[in-house]
1. Hey, what's the Cα Rg ratio for the range 1-147 versus the globular rule of thumb, 2.2 N^0.38 Å?
2. Return the carbon/sulfur percentage of the accessible area of the chain, one whole number, probe 1.4 Å, all protein chains in place.
3. Using only the alpha carbon atoms of the range 287-334, find the Kirkwood hydrodynamic radius as the inverse mean reciprocal pair distance, in angstroms to one decimal.
4. Could you sort 112-120, 232-240 so that the peptide with the highest average Cβ count within 10 Å comes first and the rest follow in order?
5. Would you kindly derive the ³J(HN,Hα) couplings of the range 130-136 from the backbone phi angles with the Karplus curve 6.51 cos²θ - 1.76 cosθ + 1.60 (θ = phi - 60°), listing them in order in whole Hz, with x for Gly and Pro?
6. Provide the per residue accessible area, probe 1.4 Å, for the range 1-149, rounded to a whole number of square angstrom.
7. Do any of K6/K93; K174/K289; K74/K353; K65/K353; K4/K55; K55/K232 go past 29 Å between their Cα atoms, and which?
8. Taking H placed 1.01 Å from N in the peptide plane, check which residues at least 5 places from A253 or on another chain put their amide H under 5 Å from its amide H.
Amino acid sequence: MSNKLKVGIVGGTGMVGQRFVQLLDGHPWFEVTTIAASANSAGKTYEQSVQGRWKLAGEIPDSVKYIVVLDASKVEEVASQVDFIFCAVDMKKNEIQALEEAYAKTGTPVVSNNSAHRWTPDVPMVIPEINPGHLDVIAAQRKRLGTETGFIAVKPNCSIQSYVPMLHALQEFKPTKVVASTYQAISGAGKNFTDWPEMLDNVIPYIGGEEEKSEQEPLRIWGSVEDGEIVKANAPLITTQCIRVPVTDGHLATVFVSFENKPSKEEILRRWSEFAGRPQQLGLPSAPKQFITYFEEENRPQTNLDRDIERGMGVSAGRLREDSLYDFKFVGLSHNTLRGAAGGAVLIAELLKAEGYIQAK
């Protein structure tokens, strides 16, 4: 009998759900035992339910092919079979909020890939290397939900992973103003070139809701836990433009930043190379050994060459130089479906297990 924790993937047939299935295959701590999706997938095997819509390179893992998909709305049935769930459903915001709370109230921890609960005051939104202390808010959330073991934790938007880690490593110099433009892959919309042909040879200068998330979510991550809720930081002032570009995976950012105490280029590069967080200290299975990698070459990082750095869980930077309007400018890159989505959520779950928040039922 395996002593791995039993995991359910709710919303397991969509693109992010598929990525969870792939990432968790052979995971040292977690085993996918249950997959749930909409009622029209329920009752089929996982292989049948994703037939013709498996979007990832590589085959469906044998370990999940024959799992019979459950109806995600049958919360008690799904929850009774697992120690915790990953949630990656495609529903309206209020429906997702209700569904995730229903799971949490059964005593089941929910690690969510959805945006629905990102601004719920007592739900931690975590980049594990940056704000692991926000997990402290879970005690207040459990009280509100009336559960001793259940809770919801969420990961932030994929766009911000391409520049927030670099800024975070420089917090001691107090960034005051940030301008970031993100060039985002089509998998961020859950699509590939086959089902989105109009993206070929094209750039679309708009992604609904993305700019507000990119400007506001970093402030919540840099916020503090006060009286059982997360109070967002009031600096730096961030403005963004988010653009869809014709690449499969990887979000690239161009960033301008000014500081209260301007560092030297050498100080910035040293902070980046030395930066490590709780996942590195704990040696979590999905943690990148080197969180931020800096490229000296003028034409790096490149989306196609560098998005898979540290198995897609590291972030990379390049082209750091002084600027005429701001103090510095640089380019950042992160893998949007690994670090930015499913991989980031798996790392959160590993952190929650290591810190005692997720246990076998």
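1. So the Cα radius of gyration is 1.04 times the expected 2.2 N^0.38 Å.
2. Whole-percent figure for carbon plus sulfur exposure: 48.
3. 11.2
4. 112-120, 232-240
5. Result, ordered by residue: 9, 9, x, x, 5, 4, 4 Hz.
6. Using a 1.4 Å probe on heavy atoms only, each residue of the range 1-149 averages 43 Å².
7. Over 29 Å Cα-Cα: K55/K232.
8. Y183, G332, L333
The values are calculated or read from the model by the stated rules, or taken from the named source; none is laboratory data. Bear in mind the structure is a predicted one, so any value in this text is a computation, not a measurement. Please note: Cβ atoms are built from the backbone with ideal geometry, for glycine as well, and neighbour counts cover all protein chains shown. When the accessible area is computed, the model is the full protein with side chains, heavy atoms only, and any ligands, DNA or RNA have been set aside. Shrake-Rupley method; radii C 1.70, N 1.55, O 1.52, S 1.80 Å.
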